[in-house]
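Have a look at the structure below before the remarks.
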Amino acid sequence: MEIIEDKTKVSIAYVLKELSGRILEEVPPSYPFVYIHGYNNIIPGLESALLGRRLGEKFSVKIPSRLGYGEYRKDLVMQVPKDELRDVGELWLGMELEMFQDNDIREFQLPETADEFCDDLNLNDDEECDGIYVVKEIYKDTVLVDGNHPFAGKDLIFEVEVVSIESPSFTELESGFPDEDYDDYGDDNYDNSFDGDYDQNEDRRWR
């Protein structure tokens with residue numbers, strides 16, 4: 001296939017930068033990011049820019065925060081009493097916690113799988129506060145957590161190369177994800193720890 005259309009399986013290499021030129025992420029052609037186009041599994045500004053691009057094409061696109069990872073929301077930054085986190089166990093900076101809130105009851109726990117992390121990030125819904133929170137600071141009696149995506153509030157530049165365009169399989173069309181990713185995330189025994197040999201998409205699907 002030569003052109004990116006909806007329901008095509010696309011592999012891209014890219015360099016993600018802030019407007020200042022500082023590199024935030026770099027994905028080489030040898031380990032491309034793979035996704036199914038038209039399923040809203042990548043940020044809307046990038047998916048829109050990729051539509052109609054040709055195999056081997058290289059381009060640069062500026063994406064405002066509203067079409068990327070959303071505006072930075074101060075309401076997603078909160079001080080949590082350590083008593084609320086006693087069931088979590090050891091705490092460290094950068095730790096990811098999943099928060100559930102029902103009326104006045106709030107609960108934190110560790111995400112069980114990588115797809116749970118992807119699905120529950122606070123990206124676009126201004127009313128939603130449940131989701132993944134990252135530990136930013138640890139104090140004597142409280143912990144500062146942030147539910148914003150690390151790139152929230154940033155206008156970004158993607159320098160992209162279209163590495164391959166393929167017809168997806170039936171299961172890929174059903175799930176909206178490449179088979180190799182879907183199989184890993186659906187495995188109850190899936191371990192997200194780094195072992196020196198992993199699919200590059202595992203750490204990028206939520207982005």
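Applying the Karplus parametrisation 6.51 cos²θ - 1.76 cosθ + 1.60 with θ = phi - 60° to the phi angles of region 136-150, what ³J(HN,Hα) value in whole Hz is obtained for each residue in order, glycine and proline being reported as x?
Going residue by residue, I get 9, 9, 10, 10, 4, 10, 9, 10, 8, 10, 10, x, 7, 4, x Hz, with x marking Gly and Pro.
Taking amide H positions as placed in the peptide plane 1.01 Å from N, state which residues far from Gly153 in sequence (5 or more) or on other chains have amide H under 5 Å from it.
Tyr69, Gly70, Glu71, Tyr72
Along the Cα→Cβ direction, 7 angstrom out, place labels at Ser48 and Leu173. What is the inter-label distance in nm?
2.7
Give me the one-decimal nm value for the distance between modelled label points at Asp104 and Asp155, 7 Å along each residue's Cα-to-Cβ direction.
4.5
Given the Cα-Cα distance of Ser164 and Glu18 and 0.36 nm per residue of separation, how much length would full extension add, in nm? Please report the intermediate quantities before stating the final value.
Values: separation 146, 0.36 × 146 = 52.56 nm, distance 2.58 nm.
Full extension from Ser164 to Glu18 adds 50.0 nm.
Whole-Hz Karplus ³J(HN,Hα) for region 75-80, in order, using 6.51 cos²θ - 1.76 cosθ + 1.60 and θ = phi - 60°, x for Gly and Pro?
6, 8, 9, 8, 8, 10
Once both labels are modelled 7 Å past Cα along the beta-carbon direction, what's the Arg86-Ser30 spacing in nm?
For Arg86 paired with Ser30, the spin-label model returns 5.1 nm.
No value in this document is a laboratory result; all are computed from the given coordinates. Computed from a predicted structure; not experimentally measured. A quick note on method: Cβ atoms are made from the backbone with ideal geometry, for glycine too, and the neighbour counts reach across all protein chains shown.
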